[in-house]
Amino acid sequence: MTIRQILITVSVIVFGTILTRSLPFLIFPDSKESPDYIKYLGQVLPYAIIGMLVVYCLKNVNLLNFPFGIPEGIALIYVVLIHHRRHNLLLSIGGGTILYMVMVQFLFPV
Amino acid sequence: MKVKALKAAFPFTIPVMIGYLFLGIGFGILLTGKGYPWWLSPLMALFIYAGSMQFVAIDIFSKAFNPLNALILTLTVNARHLFYGLSMLTKFKATDQKKPYLIFALTDETYSLLCSTEPPQGIDRNWFYFFIALLDQIYWVTGCTLGSVAGSLVKFNTTGIDFVMTALFVVIMVEQWESSKNHLPVLIGIGVSAICLLLFGKDLFILPSMISILAIVTIFRKSIERRNVI
């Protein structure tokens, strides 16, 4: 693509992204009382979506080939346990990421 | 009031800062590595501001010019944002003139922070949310710019750094689990997406997952609500 075509493509992507982010708010504006069902979804979905996002992050893990998802498994268990005990973001997120990086770079290099 | 809200919001955004800086740098390196001009990276970070979509865009640029195709791809990749909007309807109510920006900046990470954090006592709610969203985008733009301008200078091995996002979502899940007595919704989310991932593969599973999650929470609404205390 030429630069001009790229810029047009970028504008299209901007439009599409804004559309998916704003559509629910356009359908249910503040002035309109949202139906009970929508309120219910608003309560339940945040929980279900976080579950979906975790799966989304792990979508590239291949359980059938080396390293069989072992680094992901260990790092996930670490994050869950340490966060449950200490509630310290640095320990859970920072520690978990460093643990994972050490594992994929040195212990289980592909 | 604003300064207090900014100070209160900042600590919550630190995990996203680490993640966005590194992912953004990765994006900038990849984009300029393919021969595109350096300014395209900050431009995309500023206006598209959707991580996974920006990576997909690099792929689109290398193909023949086809805006309609780009639009369809964007809607598919970003369909999950519809759910974010639905669950933020109440939270964003009465956020007055900050609302358009809050909606524009509703990325996976900002969404997950907004769902899981309440402003501390005495902090203005709207400014607190606004600064979480704004700081996150500043990190992303900074990362994308650094990557495209100075990417070739970064020498250390960053393999595995993307786990920072996984860890962030897992931490939020743990906090949700502890603060809620009803674990059905999150279990439905994990179970349904895992099954869809197996059935449809990693490139196609998000849309079927969303539809199935919606169907299941709708069908089992009574039993989920009976357990109450969401």
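Annotations
- Filter result (free of Cβ contacts under 8 Å to residues at least 24 places away in the same chain and at the interface with another protein chain (Cβ under 8 Å from one of its Cβ atoms)) within the range B:192-213: B:Ser193, B:Ala194, B:Leu197, B:Lys202, B:Phe205, B:Ser209
- Residue check: A:Pro29 meets all listed conditions (1) without any contact (Cβ under 8 Å) to a residue 12 or more places away in the chain; (2) surrounded by 15 or more Cβ atoms within 10 Å (Cβ to Cβ); (3) part of a loop (DSSP other than H, G, I, E, B) but one, namely (2).
- Selected residue [closer than 30 Å to A:Thr97 by Cβ, at the interface with chain B (Cβ under 7 Å from one of its Cβ atoms) and either surrounded by 15 or more Cβ atoms within 10 Å (Cβ to Cβ) or among the aromatic types (Phe, Trp, Tyr) (or both)] from A:Ile49, A:Ile6, A:Ile18: A:Ile49
- Taking the listed residues A:Val61, A:Val110, A:Val102, the one that is aliphatic (A, V, I, L, M), assigned to a loop (DSSP other than H, G, I, E, B), surrounded by 12 or more Cβ atoms within 10 Å (Cβ to Cβ) and more than 7 Å from chain B (Cβ to nearest Cβ) is A:Val61, with no other qualifying.
- Listed by first and then second residue, the pairs with beta-carbon distance under 7 Å, at least 6 apart or on different chains, first residue in the range A:60-71 and in contact (Cβ under 8 Å) with a residue 12 or more places away in the chain, second surrounded by 11 or more Cβ atoms within 10 Å (Cβ to Cβ), are A:Pro67/A:Phe108; A:Ile70/A:Phe108; A:Pro71/A:Tyr100; A:Pro71/A:Met103; A:Pro71/A:Val104; A:Pro71/A:Phe108.
- Scanning the range B:50-103 for residues being over 20 Å from the mean Cα position of the chain (by Cα), in a helix (DSSP H, G or I) and among the polar types (S, T, N, Q) gives a total of 2.
- Residues in the range A:21-46 that are among the aromatic types (Phe, Trp, Tyr) and more than 7 Å from every other protein chain (Cβ to nearest Cβ): A:Tyr37 alone.
- The listed residue being in contact with a helix residue (DSSP H, G or I) (Cβ under 6 Å, 6 or more places away or on another chain) and within 11 Å of chain A (Cβ to nearest Cβ), out of B:Ile123, B:Ile161: B:Ile161
- When the range B:87-107 is limited to residues that are crowded, with 22+ Cβ neighbours inside 10 Å and over 13 Å from B:Tyr129 (Cβ atoms), the one that is farthest from the other protein chains (Cβ to nearest Cβ) turns out to be B:Thr107.
- Residues in the range B:3-24 that are aliphatic (A, V, I, L, M) and either within 14 Å of another protein chain (Cβ to nearest Cβ) or touching a residue at least 60 places away in the same chain (Cβ under 8 Å) (or both): B:Ala5, B:Leu6, B:Ala8, B:Ala9, B:Ile14, B:Val16, B:Met17, B:Ile18, B:Leu21, B:Leu23.
- Filter pass, B:Phe27 being touching a residue at least 24 places away in the same chain (Cβ under 8 Å), under 21 Å from B:Gly151 (Cβ atoms) and in a helix (DSSP H, G or I): yes
- Just one of the listed residues (B:Asp162, B:Asp108, B:Asp136) is modelled with pLDDT of 95 or more, of a type in the set (Asp, Glu) and within 24 Å of A:Gly51 (Cα to Cα), namely B:Asp136.
The values are calculated or read from the model by the stated rules, or taken from the named source; none is laboratory data. Note that the coordinates shown come from a computational prediction; the quantities given were computed from them, not determined experimentally. Positions of Cβ are generated from backbone atoms using ideal geometry, with glycine treated the same way; all protein chains shown enter the neighbour counts.
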